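Here is the structure we will look at, set down as structure tokens.
Only the coordinates and a few stated rules stand behind these numbers; no lab work does. All values reported here derive from a predicted model rather than from experimental measurement. Neighbour counts are summed over all protein chains in view; Cβ atoms, including those assigned to glycine, are modelled from backbone coordinates with ideal geometry.
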Amino acid sequence: MRPLGALLHLPAAVLLAASLAACGGEATDERAEDGAVGTDAGVGEGAGAPVVLRERLVTATDAGEGPGEVAVPVGDDAALAGFTADFTEGFASDVVEAAAALEVEGDEELAAQVVAIGCDEPTSVAARRTPAGVVLEPGPLPSPGRQCFAPMTTVAVVVLEAGALSAG
């Protein structure tokens, strides 16, 4: 016969294993992805719709929220520092690194926006024009979504055609 004390730990172990499995098995929460994409179907349609030429997505757990209503220009050090001011130091550094990794030609502009806060990490981003400005929207998220203990913040740093942020 087993002592009762040994069995008392079993429910806690099962609960812990289930919780860890629900958060996915990724070794790290911080990543940057690079890709060249255009707008998704149905997003940004119409005359003068902004086109995402190149993108980097940076995601980290519990990194801060920062601005996220519309894409903002981050083409100079001061603008990039202002954009990353509300992030944790490590995440801000990752966003700055992602911006530096994107090549911006003379007829292009660099912009950034928080595109997702939650348990799921987008893998792409598309742009659309709204009355408030250019909005970067995350592509499809994995289904079914996963559960997590702390939300992940995803920032999209993108290269747009020159004038995309100011065109009306």
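At-a-glance table
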| quantity | calculated |
| --- | --- |
| Sites residue 76 and residue 130 - FRET efficiency at Förster radius 41 Å, r taken between beta-carbons, to 0.05 | 0.95 |
| R0 of 35 Å, Cβ-Cβ distance residue 146-residue 104: FRET efficiency to nearest 0.05 | 0.55 |
| Projected label distance in nm at residue 166 and residue 88, using a 7 Å step from Cα toward the beta-carbon | 3.7 |
| Amide hydrogen neighbours beyond the local backbone of residue 125, cut-off 5 Å, H modeled | 139 |
| Summed side-chain charge close to residue 87 - residues other than residue 87 whose Cβ falls under 9 Å, Lys, Arg +1, Asp, Glu -1 | -4 |
| Reference-scaled alpha-carbon Rg (2.2 N^0.38 Å with N residues) for region 110-163 | 1.26 |
| Region 119-128 - phi-based ³J(HN,Hα) in whole Hz, Karplus 6.51/-1.76/1.60, Gly and Pro as x | 8, 9, 10, x, 10, 8, 8, 10, 10, 9 |
